[in-house]
Amino acid sequence: MKTRSSEDPLLPTWALAVTAFGALIVTVGAVTPPGAALAGGLQRFLSFYAGVFTLLTMTTAVVTGVLASERVLLRIHHRVLFQGVHRAASVLAVTFVVAHLLVKVLGGVAAPVNVVVPGVDPVGLGTLAFQLMLVVAVTGVLRARFALRARPWVWRSLHSVAYLAWPVGIAHGLTAGRAPANWVVLGYVLCMGAVALAVLTRLAVSTRPRRIGHAGEGLTPAPERRPAASRAETAVPEPRATVGDPRGTRVAR
């Protein structure tokens, strides 16, 4: 199995080629009337739902990230599966939030400065959540470098910013723009319940005392074997049958 080097590119060459080809197709298609209509429809769709997709994927990333390192209920192949889902959901969350920002800026809803300057208003909270997500994404990509330098605590501290980015994103979604519909509010409540359940499960398992067994515990001990010399010394000789001798003595048969 080939081990990935820290000097290897983050994306393979074929992925970069496919991305460039797709961008070229979209650009060429947008200059034609049907392509322009399709691009406009896609922009409107993303303007309404890119934030929703960001919430769902970010919630999935947080839930799987909380449970991925649990070692009592999950076996190793389950943890590997959770880690894979966590990474995939994180990539999708960053992709959707970038699309969300682009359509808002291109549509004139937000100014370019709102992408880089956070604040305490609803739009500024979204900017802050985006920047925190970038910190999480960068530390996730550079995890191997932190491990090689024997500083895992630095990585854990920076990567834990995800737990702050998620509630900031929730606050942004509930306060920015138009009033959310009932199904949107229900979606936010379900996402918060999923994260709360994952955190409570992790805390309950972490505080549960675990009994660590010793090597060989539970096995039936083998019977004690004594050396051959000891067995010979303690052995009792069998009595041998005798017969009478006409001379008055008894001899062994």
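The values are calculated or read from the model by the stated rules, or taken from the named source; none is laboratory data. This structure is a prediction, so every number in the text was calculated from the model and none was measured. Neighbour counts are summed over all protein chains in view; Cβ atoms, including those assigned to glycine, are modelled from backbone coordinates with ideal geometry. Just the protein is used for accessible areas: all its heavy atoms, side chains included, with ligands, DNA and RNA removed. Shrake-Rupley method; radii C 1.70, N 1.55, O 1.52, S 1.80 Å.
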> Residues of the stretch 45-62 being among the aliphatic types (A, V, I, L, M) and open to solvent by 30 Å² or more (accessible area, probe 1.4 Å), which ones?
Replying inline: Leu46, Val52, Leu56
>> Which count do you get for residues in the stretch 70-79 that are in contact with a Lys or Arg (Cβ under 9 Å, 6 or more places away or on another chain) and open to solvent by 60 Å² or more (accessible area, probe 1.4 Å)?
In response: 1
> Which of the residues that make up the stretch 123-167 are at pLDDT 85 or above and open to solvent by less than 50 Å² (accessible area, probe 1.4 Å)?
Replying inline: Gly124, Leu125, Gly126, Thr127, Ala129, Phe130, Leu132, Met133, Ala165, Trp166
>> Pull out all pairs, ordered by first then second residue, where Cβ-Cβ is under 6 Å, the residues are six or more apart or on different chains, the first lies in the stretch 193-214 and is closer than 11 Å to Val66 by Cβ and basic (Lys, Arg), and the second is modelled with pLDDT of 60 or more and in a helix (DSSP H, G or I).
In response: Arg202/Val66
>> I'm checking my understanding of the structure. Among residues of the stretch 177-199 that are over 22 Å from the mean Cα position of the chain (by Cα) and within 24 Å of Ala110 (Cα to Cα), which one is most open to solvent (accessible area, probe 1.4 Å)?
In response: Arg178
>> Can you pull out every residue in the stretch 49-78 that is closer than 24 Å to Leu134 by Cβ and of a type in the set (A, V, I, L, M, F, W, C)?
In response: Ala50, Val52, Phe53, Leu55, Leu56, Met58, Ala61, Val62, Val63, Val66, Leu67, Ala68
> Which condition number in (1) modelled with pLDDT of 85 or more; (2) more than 19 Å from Thr175 (Cα to Cα); (3) open to solvent by 40 Å² or more (accessible area, probe 1.4 Å) is the one that Ala36 fails?
Replying inline: (1)
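Rundown of residues vs (1) buried (at least 19 other Cβ atoms within 10 Å of the Cβ); (2) in contact with a Leu (Cβ under 7 Å, 6 or more places away or on another chain); (3) closer than 19 Å to Met58 by Cα, yes/no style:
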| position | (1), (2), (3) |
| --- | --- |
| Leu81 | no, no, yes |
| Arg87 | no, no, yes |
| Leu92 | no, no, yes |
| Thr95 | no, no, yes |
| Ala99 | yes, yes, yes |
| Leu102 | no, no, yes |
| Gly108 | no, no, no |
| Val113 | no, no, no |
| Val117 | no, no, no |
